[in-house]
1. Among (1) crowded, with 19+ Cβ neighbours inside 10 Å; (2) over 19 Å from the mean Cα position of the chain (by Cα), there is one condition Val73 misses while meeting the rest; what is its number?
2. Criterion first (assigned to a helix (DSSP H, G or I), within 17 Å of Val33 (Cβ to Cβ) and out of contact with any Leu (no Cβ under 9 Å at 6 or more places or on another chain)) does Ala85 satisfy it?
3. In the stretch 98-124, what residues are assigned to a helix (DSSP H, G or I) and either touching a residue at least 24 places away in the same chain (Cβ under 8 Å) or in contact with a helix residue (DSSP H, G or I) (Cβ under 9 Å, 6 or more places away or on another chain) (or both)?
4. Quick one: count up the residues across the stretch 140-189 that are surrounded by 12 or more Cβ atoms within 10 Å (Cβ to Cβ) and either more than 30 Å from Ser76 (Cα to Cα) or modelled with pLDDT of 75 or more (or both).
5. Answer with yes or no whether Gly119 is buried (at least 19 other Cβ atoms within 10 Å of the Cβ), more than 14 Å from the chain's Cα centre (by Cα) and at negative phi.
Amino acid sequence: MSAADPVSDSAVNPAPAVAPLEAYGRPVLILSVTSILLAVILITCAAMIGFDSLWRSIAVGVGLVTLSTGLTVFVSAFMYRVAPAATAPALAMLYLLKVVVMGWYLLSVGAPEWLHSLGFAITVAAGLVLSWLVLAPVAMRASNVLASDYAAVVRAKEAREAAEAEDEAATILEENPSEPTEGGGDDRA
């Protein structure tokens, strides 16, 4: 088979069971954008509307965890669709941005007077555990899709190498059809 043969190209790049862009599907993007918007609304309401400090702290804790998780999921899903190789660096930059912004806020502005530390801390811890439990199936699905894609590529590469070895053996037999003699010499009398 030649290099331009479409059959050999399909053996190298088989069609995956699930399209690569669907590892993080459109519902994941919609969910992440929705959670970001709801988190912004919740944090804004908690900061602007004056009610009991414990409930305000809980609302801000839930809002921050939801905002952080939503941003992480959005960047993961979006970058995987646009440039899969850039997903990890984009997530690292997002993490750095979140740490810098939170550090700047706490060091320059400071925590609000109404913040109930224990309520906020418990809410953030519970929110992180809950978000990990909710996002675990999404991450497992994406990992399974990527693993099956990788396995298909490896199988295709092995099949291509086996076909090339068969072609090479057939070429050698075509070029030298005579049987070798036992003594290694020629058969002159």
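The values are calculated or read from the model by the stated rules, or taken from the named source; none is laboratory data. Bear in mind the structure is a predicted one, so any value in this text is a computation, not a measurement. Please note: Cβ atoms are built from the backbone with ideal geometry, for glycine as well, and neighbour counts cover all protein chains shown.
1. Going through the list (1) crowded, with 19+ Cβ neighbours inside 10 Å; (2) over 19 Å from the mean Cα position of the chain (by Cα), Val73 breaks only (2).
2. Numbers: assigned to a helix (DSSP H, G or I): yes; within 17 Å of Val33 (Cβ to Cβ): no; out of contact with any Leu (no Cβ under 9 Å at 6 or more places or on another chain): yes.
Criteria not met by Ala85.
3. Taking the stretch 98-124 as the starting set, the residues that turn out to be assigned to a helix (DSSP H, G or I) are 98-109, 117-124.
Of everything in the stretch 98-124, those that are assigned to a helix (DSSP H, G or I) and either touching a residue at least 24 places away in the same chain (Cβ under 8 Å) or in contact with a helix residue (DSSP H, G or I) (Cβ under 9 Å, 6 or more places away or on another chain) (or both) turn out to be Lys98, Met102, Ser117, Leu118, Gly119, Phe120, Ala121, Ile122, Thr123, Val124.
4. As a first pass, look at the stretch 140-189 and keep what is surrounded by 12 or more Cβ atoms within 10 Å (Cβ to Cβ): 141-142, 144-146, 148-149, 152-153, 155-157, 159-160, 163-164.
Adding the requirement that they be either more than 30 Å from Ser76 (Cα to Cα) or modelled with pLDDT of 75 or more (or both) leaves 141, 144, 148, 152-153, 155-157, 159-160, 163-164.
Qualifying residue count for the region: 12.
5. On the way: buried (at least 19 other Cβ atoms within 10 Å of the Cβ): yes; more than 14 Å from the chain's Cα centre (by Cα): yes; at negative phi: yes.
Taking the combined requirement at face value, the residue satisfies it.
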